[in-house]
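Every number here is computed from the coordinates shown, using simple stated rules; none is lab data. These numbers were taken from a predicted model, which means no experiment stands behind them. So basically every Cβ, Gly included, is an ideal-geometry build from the backbone, and we count neighbours across all protein chains shown.
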Ligand SMILES: Nc1nc2c(ncn2[C@@H]2O[C@H](COP(=O)(O)OP(=O)(O)OP(=O)(O)O)[C@@H](O)[C@H]2O)c(=O)[nH]1
Ligand SMILES: *[C@@H]1O[C@H](CO)[C@@H](O)[C@H](O)[C@H]1NC(C)=O
């Protein structure tokens, strides 16, 4: 998983100049079609054309991927929908959350979770039209999807070592994850909805940015609802550019989770938005902050990714003792006494970390039973991220997408990148290990 993600990041970097080039041709096309619509309308006073039928884009991500990589895939797909919107009435159907590898609390049923549990759906809707899967069922009358497009790489890899953008209908490389049943429809995993099915299934080999799917969805597959599986196969159209940050800004966490995090900040960490200069506007579109305008609460936040990262002995993971040493250096430098630790570590590891930091006040968020029951492991992780996002200083774990999303959240709130783009040096790395690359927020 992680190797795959690193690979994706490299490709994005290499292709940056390439995507800039193709950008202009696509934009011209859009402008032309706008003109035509406008002209025909201006000749006749009352021109009632046939209503454009609403089309639905559904998508799914490979089962093994974590929550925070899935958030990244949402951004790629949302920008595709934004592109499709120029040519019709498209709506993105949000894939219910569930069965994530890292969601370990066995006593909970963590399946068919709507996006509203974790995100502010109204905010998402301010960028592109989105609906929950349950609403899709209500709107269309049944959990039936017209067409599955299963994305995969090219069997032959990159031919003669050259990377180019392409997409073709191909035979499935792996045995298909959907099977035709006696009734002639495709059955498989549709987020735990046993009645859901699809009418048609195809594999597409793809190498390219999300928008490479646009002409295919507009011209080749004209079914009303199209389900793109393995959405992580396509790359960001504009990594780190305006479109990237706009959709990222639209991904606000659900208010009920933010409130819980804020309550913890206030009661334990002496942190409130007024004092910390992190007050948010109601609409993210009106929020543009100068880097450095946010001060943050009087605490340091650390994200310490353990579990599988530690078990696999990744070089980016520090021993708890070394993590504590690095935290102490920053606490002294910024004259702070309080530490908030977000981690997936077992209790005994948190206790060990506390022992190494006994001269300081160490906090971590332990959810009351009701919070865990209502908002699940995913909600608790978001509360952790939210508290980290409001600290004066943040230090994360290298290559963890959990930490990456905190970096972004802090830029949106207006923190200086120096107080954000920091990570622990792992057990087999030098003390001055390479720090995360800074992706500065852009608004225009
Ligand atoms: N509550 C909480 N959960 C965490 C924390 N760190 C990781 N997790 C859980 O572990 C999951 C995996 O982390 P992700 O950020 O999704 O992904 P990653 O850390 O990059 O790991 P992979 O993508 O799986 O390689 C998260 O989605 C959480 O469920 C943490 O600090 N607090
Ligand atoms: C889409 O249709 C065009 C024109 O018929 C064809 O050349 C192309 O191969 C098709 N692409 C896919 C992915 O089906």
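What the table shows:
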quantity: Share antiparallel - DSSP beta bridges, the chain, percent rounded to 5; calculated: 20 percent
quantity: Full-stretch length increase - residue 440, residue 418 - with 0.36 nm per residue and alpha-carbon distance subtracted; calculated: 6.8 nm
quantity: Linear extension gain, residue 267 paired with residue 428, 0.36 nm per residue minus alpha-carbon span; calculated: 54.2 nm
quantity: Segment 115-182 shape via C-alpha gyration tensor axes, a/c threshold 1.5; calculated: oblate
quantity: Inter-label distance, nm, simple model (7 Å from Cα along the C-beta direction), residue 351/residue 164; calculated: 6.2 nm
quantity: Between helix 369-389 and the chain: long-axis angle, C-alpha atoms, 0 to 90°, nearest 10; calculated: 80 degrees
quantity: Cα gyration tensor category, rounded, prolate or oblate, for segment 147-198 with a/c compared to 1.5; calculated: prolate
quantity: Simple spin-label estimate for residue 105 and residue 54 in nanometres, 7 Å along Cα-Cβ; calculated: 3.4 nm
quantity: For segment 52-238: rounded, prolate or oblate by the Cα gyration tensor [a/c cutoff 1.5]; calculated: rounded
quantity: Packing-based exposure ordering (other Cβ within 10 Å, fewest first) of 336, 372; calculated: 372, 336
quantity: Helix 347-356 vs. the chain, principal-axis angle (Cα, 0 to 90°, nearest 10); calculated: 50 degrees
quantity: Exposure proxy order (Cβ contacts within 10 Å, fewest to most) of 251, 287; calculated: 287, 251
quantity: Residues 104, 54, sorted so that the one with the fewest Cβ neighbours within 10 Å comes first; calculated: 104, 54
quantity: Relative contact order (%) - the chain, alpha-carbon pairs under 8 angstrom, separation at least six; calculated: 17 percent
quantity: FRET E, pair residue 180, residue 142, Förster distance 25 Å, beta-carbon r, rounded to 0.05; calculated: 0.85
quantity: Degrees between helix 67-84 axis and first principal axis of the chain (Cα, 0 to 90, nearest 10); calculated: 30 degrees
quantity: Residues in segment 416-436 reached by a label modelled at residue 287 [backbone nitrogen below 18 Å; 7 Å Cα→Cβ]; calculated: 416-417, 420
quantity: Alpha carbon centroid spacing (whole Å) that separates segment 98-133 from segment 370-444; calculated: 21 Å
quantity: Simple label model, 7 Å out from Cα along Cβ direction - residue 220 to residue 255, nm; calculated: 4.3 nm
